[in-house]
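Below is one structure; the comments refer to it alone.
The values are calculated or read from the model by the stated rules, or taken from the named source; none is laboratory data. Here the structure is a predicted model, which is why all the values come from computation and not from measurement. A quick note on method: Cβ atoms are made from the backbone with ideal geometry, for glycine too, and the neighbour counts reach across all protein chains shown.
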Amino acid sequence: MREAMEHSLKPYKTLLRKFEGMSPIFSRKQKNRQPLKTKSTNTRGTDNPHLWGEEIKDGVVYNVYLRKVKYFNSVTAPPSNTTRNPISRTNTDPQLLSYSTTASLSGEEYSGIQWETRREYVIKSATLERLVEELTQAMNHMDSSFINIFLNTYQSFTSTEKILNLLIQRYTLASDRHSGSKSRSMKKGTKLLIRKSVQSVLTMWLDENPSDFREPPNYPCLTTLMEFAKNTMLNKELTERCRRKIERWKNEDEITDSDSVCSGSSMNSSADSQFTFSIVEEVDNMMNPREFHQMEEDYIAEQLTYMDATLFRQVVIPHCLGTLWSKRDKEDSIASTVKATVEQFNKVSYLVISTILGDPTLKASLRAKIITKWIHIAQECRNLKNFSSLKAILSGLQANCIHRLRRTWTAVPKDSVVIFEELSEIFSHENNHEAWREILMKEGTAKFVDKSSTIRSRTMRRKSLKKELSSIVHGTIPYLGTFLTDLMMIHSAYPDDILQNGYINFEKKRKEFELLAQIRLLQKAAQNYHIHSDKDFQKWMDGVKIYTDEQSYHLSCIIEPLSPKTPSHKKSQFSFGGTWRRRSAIFHWSSSGSSTSSEDGVSVSSSDSPAPGLMRMSRSSSCSSLSIELSSISSSSSLTPLSPRYLSPTSCAIKVSMENNSDQGNIYKSILVNHEEHTPAVIATALCKYQKDEEPISSYELVQLLPDDEEMVIPDKCNVFYAINQSAPDLTFELRKKQSPSEKRPVLKKRNSRIKLLIKKKSSTS
Amino acid sequence: MAAGGTGSAKSFNFKVVLLGEGAVGKTSVVLRYVENKFNEKHISTLQASFLTKKLNIGGKRVNLAIWDTAGQERFHALGPIYYRDSNGAILVYDITDEDSFQKVKNWVKELRKMLGNDIALCIAGNKIDLEKERHVPVADAESYAASVGAKHFHTTAKLNKGIEEMFLDLSKRMIERQSEDTHKSTTTSRSNRTKTVTIVDDEPEQPSGGGCCGSS
């Protein structure tokens, strides 16, 4: 327990430092004391306060830290009636614990005191009511840190309405007219202070997190706030602000009724007016409707970046919290701003897949050109520090249906493959995304791409030289996924209520806010993009047909069937995060094409570095392995010369036998399949030959029998001619009755035991 | 070849992925399992793309790298990057949520399609502490699991039940598979006839009809 706490101390260090800088109380003391240094004479040799223990008081559990404070000169003691601020602040008198001298404590002078040990109180957990009280006290002390944490995380444990009511309650309690016992015990000055701070909190809340109040169609919380500001607080400014917000939102929400994206929409227009790129003229000359190959790579990257930046800036920070984001809501309203960024991400991945697979008749070299283009778009995204689309494009390129297109990949120029590898390394899972986190640190809020970054390689630099001159200040769009996972981890790892007594674990909120604050900084940075959006691009994007996973895999298999000996995943060209070139691979995967062995290719080279890079695959050189694969393909296809069974380029003869007919010997019928016939037509012909033409076609399936007792079921609506695996020595088929779905299940498993989708275009051998 | 093989002093390195819808408790399951680790290291850094666990099964050392995609479930295209090259998968659903079970079925379908039988599967019905709110019948889940060659476990991260057993079973099966594969590759079995290939096409999409004979 203690150890865990020590670990969690680090964040506080920063927090505490902030408090020292901000707390007016503290600075007052400093004035008294002359130069006061909190530099370490600590026993631990650092200025870390160390945990002394816990203290529970009035609904709050504090962690108490001890800190030694050193004085340079004789100083005046602080007034002994210093109000104790329990949030997280140094407590002096009467809680000074020890002195280096034995000086008397009686006088106002602590002459000769070298240092003192002070207690610092940090809220560990507290009841909701107490947290709201602390909120207003923090306001008094200008402790924006506490307020920020609270306002950005409260949604994980309560609602806007509840907090609003508690604040209103606190204000009312402190009003002069209030006659409650608690109220009477308060001094007039205290009351005034409380009322003032409640107003400030409310104002700050509305300013910083306006989306909390955006509850169309009636905006109940904002209305309550407005009424309260108008009637009780008599705060005209706040009233007016509420009114204007309601008015504006009402307008906006009516227009974009179905649009789930909230707030920040005013930014779009301002971004539009700021555009500095002059792509427009060039764009206007292009043909309409635009085609993928007609668009410049940097233009596409810019357009994607514009979309991403807009969505990212609109992300409502608390929506990223594990509690909110992970909610399995059936309605879309929860965390809608985060969802919007994810949807865009998915859209880009699908776009990559669609453009590559869209035309299955394309030559491998032309398809490779599309892949190459996407690699370069990804690189442009990298230059624009748009890590969201960068990762989306890389994911698209690594999707099963693209990943397995070996022949196409071999046609991708080597230097592009190298760029692809290097870009993929950014998201390598190695060392828990170390590379990505490092980049984010270095470049996140910096205005330029970090040229010295270890990740940036010579190839990238070379390519970016061209852009150097036009290198304009960029923002950053992070890949949000790692943040979401980190937040989920915190959410799952820490209890919300440690003592099971209803106290909110505020320590957890602090940890969550650390990450949220990073996102917020990046959001600010994302305002630095000056890209003009082109509606035509959006139109083009929306117009591209998107395939489902099934569809794209099917297309992929039509484009490039695999050799029957090698299940698709075995010869992975791309390993995790695309890290290809390893320094110290722990796992060694054999690149031999042997069929069933995958795990046996595993070797352990290092025993003492367990976690990081455990799963890295060894691959000495991508290019050489690609060529190995190429040769294996060509050798397998050379085994099957174009045989006479292909009667013409548009038709071929196949042998079809009937299931359960084997007792009559190997009877088969020859059927001519032409290039326009789909599965039902072929089955119909076959049934006819077996004089079973009265049977329903749909209850039969056509199965190609392959060497080594393997089979391939021809899909129901497939073009048979192109689906045939002509690498088989004999085009033999079996017509069999379909199994009912219930019977199918157990078989499914075995069937899939080796997935070899062997549909091959006849053209590939011709 | 190498350590997965038949050597005597061997250790196994397995990659296990956790898949399932958001909020089914994937992370809690892993954290529970590797708990001894998480207090000091993982949690304090708050960053863990995967967690590790070392096991000793019958004298064999097993290192598990457990990958959790929590929070990134909606990033659709990431699936393959996570599960590619994994030896085992744990598919988690929430017994109180039928949709999450459906999601598990989808994952099974995809994994079997892409990885065939090379991956050992476990299906975890999580949150059995909420038995009263169960929406996925035990019988359904178990028979489904059996039909796809996966083992079904009833787990609760909250009460720490079923999790240890699940990982142990999965590890054993991954060891078996690896040993089997090694064996197979040396004896090149050429037997059962049931190996077929199927193209699962929910919505078959016919690419540009006939006549697409572009040469390559």
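Restricting the search to the range A:694-708, which residues are charged (D, E, K, R) and within 14 Å of chain B (Cβ to nearest Cβ)?
Selection gives A:E701, A:D708.
Does the range A:292-323 hold any residues that are closer than 18 Å to A:T482 by Cβ and assigned to a loop (DSSP other than H, G, I, E, B), and which are they?
Correct list: A:V315, A:L321.
Give the number of residues within the range B:54-81 that are facing chain A (nearest Cβ under 8 Å) and part of a helix (DSSP H, G or I).
5
Can you pull out the helices (runs of 4 or more DSSP H) entirely within the range A:324-404 that have at least 1 residues that are in contact with a helix residue (DSSP H, G or I) (Cβ under 7 Å, 6 or more places away or on another chain), of a type in the set (S, T, N, Q) and modelled with pLDDT under 95? Working first, answer last.
On the way: elements: A:336-357, A:364-383, A:387-397, A:400-403.
The qualifying helices (runs of 4 or more DSSP H) are A:336-357, A:364-383, A:400-403.
Is it the case that the range B:130-152 has a residue that's under 13 Å from the mean Cα position of the chain (by Cα) and either under 28 Å from A:I393 (Cα atoms) or part of a strand (DSSP E or B) (or both)? Spell out how you get there, then give the answer.
Here is the first cut: in the range B:130-152, the residues under 13 Å from the mean Cα position of the chain (by Cα) are B:145, B:148-152.
If we keep only those that are either under 28 Å from A:I393 (Cα atoms) or part of a strand (DSSP E or B) (or both) too, we end up with B:151-152.
Yes, that holds for at least one residue.
Which of the residues spanning the range A:346-386 are within 27 Å of the chain's Cα centre (by Cα) and free of Cβ contacts under 8 Å to residues at least 40 places away in the same chain?
If the condition is that a residue be within 27 Å of the chain's Cα centre (by Cα) and free of Cβ contacts under 8 Å to residues at least 40 places away in the same chain, then A:W374 is the only one that fits.
Please list, ordered by first then second residue, the pairs with beta carbon atoms under 9 Å, 6 or more apart or interchain, first in the range A:304-324 and within 20 Å of A:F537 (Cα to Cα), second surrounded by fewer than 23 Cβ atoms within 10 Å (Cβ to Cβ) and among the acidic types (D, E).
A:Y306/A:D534; A:L311/A:E343
Out of the residues in the range A:497-521 that are of a type in the set (D, E, K, R) and surrounded by 15 or more Cβ atoms within 10 Å (Cβ to Cβ), state the one that is nearest to A:L484 (Cα to Cα).
Across the range A:497-521, the extreme among qualifying residues is A:E512.
Can you list residue pairs whose Cβ atoms sit under 6 Å apart, with the first residue in the range B:76-101 being closer than 23 Å to A:K339 by Cα and the second being of a type in the set (A, V, I, L, M) and surrounded by fewer than 24 Cβ atoms within 10 Å (Cβ to Cβ)? Count only pairs 6 or more apart in sequence or on different chains.
B:E98/B:V136; B:F101/B:V136
To keep it simple, each residue is scored yes or no on (1) within 12 Å of chain B (Cβ to nearest Cβ); (2) over 30 Å from B:D97 (Cα atoms).
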residue: A:G322; (1), (2): yes, no
residue: A:E343; (1), (2): yes, no
residue: A:S365; (1), (2): yes, yes
residue: A:I371; (1), (2): no, yes
residue: A:I377; (1), (2): no, yes
residue: A:N383; (1), (2): no, yes
residue: A:Q398; (1), (2): yes, yes
residue: A:I402; (1), (2): yes, yes
residue: A:K414; (1), (2): no, yes
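Across the range B:153-175, which residue is farthest from B:F14 (Cα to Cα) among those that are outside any loop (DSSP other than H, G, I, E, B) and of a type in the set (V, I, T)?
B:T156
How many residues are under 15 Å from the mean Cα position of the chain (by Cα), within 9 Å of chain A (Cβ to nearest Cβ) and not basic (K, R) if we restrict to the range B:157-186?
1
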